[in-house]
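Handing you a structure now.
Derivation of every value follows stated rules applied to the coordinates shown; laboratory data play no part. Everything quoted here is computed from the prediction, not taken from an experiment. Every residue, glycine as well, gets a Cβ built from its backbone with ideal geometry; the counts of neighbours run over all protein chains shown.
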Amino acid sequence: MKLPHNAHVALVDGTTFVVMRNKGKPFEPELETVAKPDLEATNFSAGVRHQDPTSQMPGRNDLNELAHGAAAAEWLNAKAIADEIEAVLVIADPKTLGEMRHHYHGELEKRLVGEIPKTMTGETSADIAQAIAAA
């Protein structure tokens, strides 16, 4: 995947949110951490979608984790609207990524250069850069 120079990379899972920036070349990313925002999960709108018996089974959906994904999307929305990010790649586990998509603002959608549905929050920046280059 081509990741523009200075593009942001948002690494998200149900409890972690890390923002990195590509200081390398588009096909040879070098990532540096620029922020670890402390999010307040207040948007529990996912609970409306998870009322069926299957979704209520233990381990299926944790509303706190989904609210964290919503908060990460809202943080990214604010940065896009304020013109503080030009390009962003979102890397998140599939469940969190699905929730985030429900909350993307149009301005953020214009700036998305891609999404990778994979849990990578515990990986090194070199491993993350390798996964981006291979995507």
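Given a 10 angstrom Cα cut-off, can you work out which residue in Val34, Val88, Val12 is the most mobile in a GNM of the chain?
Val34
How high is the relative contact order of the chain, given as a whole-number percent (alpha carbon pairs under 8 Å, six or more residues apart)? Working shown, then result.
Numbers: 253 pairs, mean separation 41.4, N = 135.
In percent, rounded to a whole number, it is 31.
Amide H to amide H under 5 Å from Leu89: which residues, 5+ apart in sequence or cross-chain, H placed 1.01 Å off N in plane?
HN-HN under 5 Å from Leu89: His8, Val9, Ala10, Val113.
Let me ask something additional. Under a plain spin-label model, where a point goes 7 Å from the Cα along Cα-to-Cβ, how far apart in nm are Asp83 and Lys36?
Between Asp83 and Lys36, the label points sit 3.2 nm apart.
Just to confirm my numbers, what's the Cα centroid distance between the stretch 5-32 and the stretch 111-135 in Å?
8
HN-Hα J couplings of the stretch 17-29 from phi, Karplus 6.51/-1.76/1.60, θ = phi - 60°, integer Hz, Gly and Pro as x?
9, 10, 10, 10, 9, 7, 9, x, 8, x, 9, 9, x
Can you give the helix-only mean residue ellipticity at 222 nm for the chain, where every DSSP H stretch with n ≥ 4 adds -39500 (n - 2.57) and the sum goes over all residues, rounded to the nearest 500 deg cm²/dmol?
On the way: 5 runs with 47 residues, N = 135.
Per the formula, -10000 deg cm²/dmol.
Report, ordered by chain and residue number, the lysines lying within cross-link reach of Lys2, taken as a straight Cα distance under 20 Å and ignoring same-chain residues fewer than 8 apart.
Straight-line reach from Lys2, under 20 Å: Lys23, Lys25, Lys110, Lys118.
For the chain, with the dipole built from +1 on Lys and Arg beta-carbon atoms and -1 on Asp and Glu ones, taken about the Cα centre, which of Thr15, Ile128, Ala35 lies farthest toward the positive end?
The one lying farthest along the dipole's positive direction is Ile128.
Reachable aspartates and glutamates from Lys79, Cα under 15 Å, same-chain residues fewer than 8 places away excluded?
Asp38, Glu107, Glu109
How do Asp38, Asp13 line up, fewest other C-beta atoms within 10 Å first? If you can, show how the numbers build up before the last one.
Working: Asp38 8, Asp13 21.
Fewest-to-most Cβ neighbours within 10 Å comes out as Asp38, Asp13.
Most mobile of Ile81, Ile116, Ile91 per a Gaussian network model of the chain (Cα springs, under 10 Å)?
Maximum fluctuation in the GNM of the chain, among the listed residues, is at Ile81.
Here's a follow-up. Could you tell me which label, among [x] 7.2; [y] 10.3; [z] 7.8, carries the value of mean projected area of the Cα convex hull in nm² calculated for this structure?
Answer label, from the structure shown: [z].
Loop-only GluC sites (Glu not before Pro) in the stretch 96-135, please: DSSP not H, G, I, E or B, and at most 16 other Cβ atoms within 10 Å. Walk me through the numbers on the way to the answer.
Numbers: sites: Glu99, Glu107, Glu109, Glu115, Glu123; in loops: Glu123.
Taking the stretch 96-135 and a limit of 16 other Cβ atoms within 10 Å, the loop GluC sites (Glu not before Pro) found are Glu123.
While we're on this one: Once phi is turned into ³J(HN,Hα) by the Karplus curve 6.51 cos²θ - 1.76 cosθ + 1.60 with θ = phi - 60°, what whole-Hz value does each residue of the stretch 79-93 show in order, with x for glycine and proline?
5, 5, 5, 7, 6, 9, 9, 9, 9, 9, 10, 9, 10, 8, 4
Of Phe27, Phe17, how do they rank once you tally other Cβ atoms within 10 Å and put the fewest first?
On the way: Phe27 10, Phe17 22.
So the ranking, lowest neighbour count to highest, is Phe27, Phe17.
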